[in-house]
Amino acid sequence: MRTQVAIIGAGPAGLLLGQLLYEAGIDNIIFEQRSPDYVLGRIRAGVLEQVTVDLLAQAKADKRMLAEGLPHDGIELLFGGKRHRIDLHELTGGKRVMVYGQTEVTRDLMEARKRAGLLTVYEAQNVTPLEFGSERPRVRYEKDGQQHEISCDFIAGCDGFHGVCRASIPADSIRNYEKVYPFGWLGILADVPPVSHELIYAHTERGFALCSQRSATRSRYYLQVPLTDKVENWSDEAFWDELRLRLDPEARANLVTGASLEKSIAPLRSFVSEPMRFGRMFLAGDAAHIVPPTGAKGLNLAASDVGYLSRAFAEFYQQRSSEGIDRYSEVSLRRVWKAERFSWWMTSLMHRFPDSGDFDRKVQEAELDYLVHSRAGATSLAENYVGLPLN
Ligand code: FAS
Ligand code: PHB
């Protein structure tokens, strides 16, 4: 078997890349270790930048998002018991974000792939990228106990943080940058109406909280919890009680609670591996970088990576030019590092750090006060939150 681009991983990065390549007339096959239901069962991101919305349109997978997604013009910061709105739309000259769950993005991309009749090998085991330092890379995998091998021109490592692609790179050819945060996010998904029409990021003495949503009837909430905490320590009732303690009186009064559809704890880390290209293998999305979800950047960086990569492959096949693939790592990393900085900054500002002292907390309060009373400060937050332009 042969294909032009072998993609490892059928999360948002792999699926979006597959459709962008298909629209450019480039053949591709995706190898995914899990089943489609397992991939859809992972509850993750909820906020799309305009760049991501535009790429989904290019992939012809935006119809349902435009019909069901929720365009948001602002967010609120809650601190000192009061909410302060950041008018994203006004501060960025008309930009906004789209609230639409990653699960739905993944489902739409799976549908688009099926309509295009493209091959995705689900439940592929022991997927292994081979010879990516040569002109003839290959991918080996097992399916139903049979071993298979496919030759290709390029391999796209879209296999997430724990994937095989980055792990296949010799240690002396890659440099990792990492910061692990001393807390996690306990998330809950429930079929209850959102507490407010926009997202609320709360900085409180008890810790960070986030009120997000998926639709007018489905909400997503997060609480900062210690790294040592376990999801089994949290009944739904305990979650709702703690959330109430982190809200302002109006939000507390509006809060509608209900049974959780999903509840999990995610650790927070910042991580970047450089470079993102190794011969004929290219890393994209969580395979190359991780951000704390505070800035809602993870899914959006995966999208911009594959936006750059699909353009580079199209240049190679259509114009026989290697300039795009030669510059992919440099161009992607410029945008990645700006999103890493913003996500680190938003996380440092909004969370209670166990080892921080009174001075640190006063500085956090002063920065929040500055942000909501300075147009320059609020504009900086707004333009990063809606997403910086593609380089
Ligand atoms: P993914 O991890 O989504 O997909 C990688 C795929 O590769 C998976 O399907 C995996 O099964 C497959 N794979 C792995 N190893 C393989 C192998 N050896 N062979 C074949 N397939 C293999 N981002 C936000 O913006 N907001 C959030 O609130 C948010 N919450 C998150 C919560 C959690 C618990 C996690 C882990 C991440 C969260 N993220 C959030 C980030 C998340 O949305 C990622 O940025 C996004 O899934 C990145 O997509 P991919 O790069 O496709 O990686
Ligand atoms: C979500 O809805 O899951 C979400 C929204 C904004 C964030 C993080 C997560 O910053």
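The values are calculated or read from the model by the stated rules, or taken from the named source; none is laboratory data. All figures in this text were calculated on a predicted structure; none of them were measured in a lab. Neighbour counts are summed over all protein chains in view; Cβ atoms, including those assigned to glycine, are modelled from backbone coordinates with ideal geometry.
Per this entry, Leu78 is not counted among residues that are more than 17 Å from Leu388 (Cα to Cα) and surrounded by fewer than 21 Cβ atoms within 10 Å (Cβ to Cβ). Here Ser356, Ser321 are screened, and the one residue that is in contact with an Asp or Glu (Cβ under 8 Å, 6 or more places away or on another chain), surrounded by fewer than 17 Cβ atoms within 10 Å (Cβ to Cβ) and free of Cβ contacts under 8 Å to residues at least 24 places away in the same chain is Ser321. Looking at Phe271, Phe278, Phe313, Phe282, just one residue is touching an Asp or Glu at 6+ places or on another chain (Cβ under 7 Å) and not aliphatic (A, V, I, L, M), and that residue is Phe271.
Scan the stretch 284-332 for residues that are within 16 Å of ligand 2 (Cβ to nearest atom) and closer than 16 Å to Asp54 by Cβ and jot them down. The answer is Leu299, Asn300, Leu301, Ala302, Ala303. Report the residue count in the stretch 363-391 for those that are part of a loop (DSSP other than H, G, I, E, B) and of a type outside the set (Gly, Ala, Ser). Count: 5. Test Phe132 against the criterion of being under 28 Å from the mean Cα position of the chain (by Cα), more than 16 Å from ligand 2 (Cβ to nearest atom) and assigned to a loop (DSSP other than H, G, I, E, B), and give yes or no. Answer is yes for this residue.
Across the stretch 202-211, the number of residues qualifying as buried (at least 24 other Cβ atoms within 10 Å of the Cβ) and more than 21 Å from the chain's Cα centre (by Cα) comes to 0. Checking Arg166, Arg115, Arg138 one by one, the residue that is surrounded by fewer than 17 Cβ atoms within 10 Å (Cβ to Cβ) and at negative phi is Arg115 and no other. If you go through the stretch 86-103 and pick out every residue that is free of Cβ contacts under 8 Å to residues at least 60 places away in the same chain and among the acidic types (Asp, Glu), you end up with 1.
Could you tell me whether the stretch 212-225 includes any residue that is within 15 Å of ligand 2 (Cβ to nearest atom), within 22 Å of Asp73 (Cβ to Cβ), under 25 Å from the mean Cα position of the chain (by Cα) and of a type in the set (A, V, I, L, M, F, W, C)? Within the stretch 212-225 (the criterion being within 15 Å of ligand 2 (Cβ to nearest atom), within 22 Å of Asp73 (Cβ to Cβ), under 25 Å from the mean Cα position of the chain (by Cα) and of a type in the set (A, V, I, L, M, F, W, C)), the answer is yes, since at least one residue qualifies. Filtering the stretch 208-224 to residues that are within 11 Å of ligand 1 (Cβ to nearest atom) and either without any contact (Cβ under 8 Å) to a residue 24 or more places away in the chain or hydrophobic (A, V, I, L, M, F, W, C) (or both) leaves only Leu210.
Here Phe282 meets the list (1) in contact (Cβ under 8 Å) with a residue 12 or more places away in the chain; (2) outside any helix (DSSP H, G or I); (3) within 30 Å of Arg138 (Cα to Cα); (4) away from ligand 1 (no atom under 16 Å from the Cβ) almost entirely, failing just condition (4). Applying the criterion of being among the hydrophobic types (A, V, I, L, M, F, W, C) and surrounded by 19 or more Cβ atoms within 10 Å (Cβ to Cβ) to the residues of the stretch 175-191, the residue that is nearest to ligand 1 (Cβ to nearest atom) is Trp185. For the stretch 298-307, check the following and say yes or no: at least one residue is in contact with a Phe, Trp or Tyr (Cβ under 9 Å, 6 or more places away or on another chain) and within 10 Å of ligand 1 (Cβ to nearest atom). Yes, the stretch 298-307 contains a residue that is in contact with a Phe, Trp or Tyr (Cβ under 9 Å, 6 or more places away or on another chain) and within 10 Å of ligand 1 (Cβ to nearest atom).
Quick grid of which residues meet (1) of a type in the set (Phe, Trp, Tyr); (2) at pLDDT 95 or above; (3) under 29 Å from Ser235 (Cβ atoms):
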site	(1), (2), (3)
Gly145	no, no, no
Glu149	no, yes, no
Asp153	no, yes, no
Gly160	no, yes, no
Val180	no, yes, yes
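Within the stretch 327-354, the set of residues being in contact with a strand residue (DSSP E or B) (Cβ under 7 Å, 6 or more places away or on another chain) and of a type in the set (Asp, Glu) comprises Glu340 only. Of all residues in the stretch 37-52, those being more than 15 Å from ligand 2 (Cβ to nearest atom) and surrounded by 21 or more Cβ atoms within 10 Å (Cβ to Cβ) number 1.
Suppose the filter is of a type in the set (Gly, Ala, Ser) and crowded, with 17+ Cβ neighbours inside 10 Å; does Gly295 pass it? Yes, satisfied.
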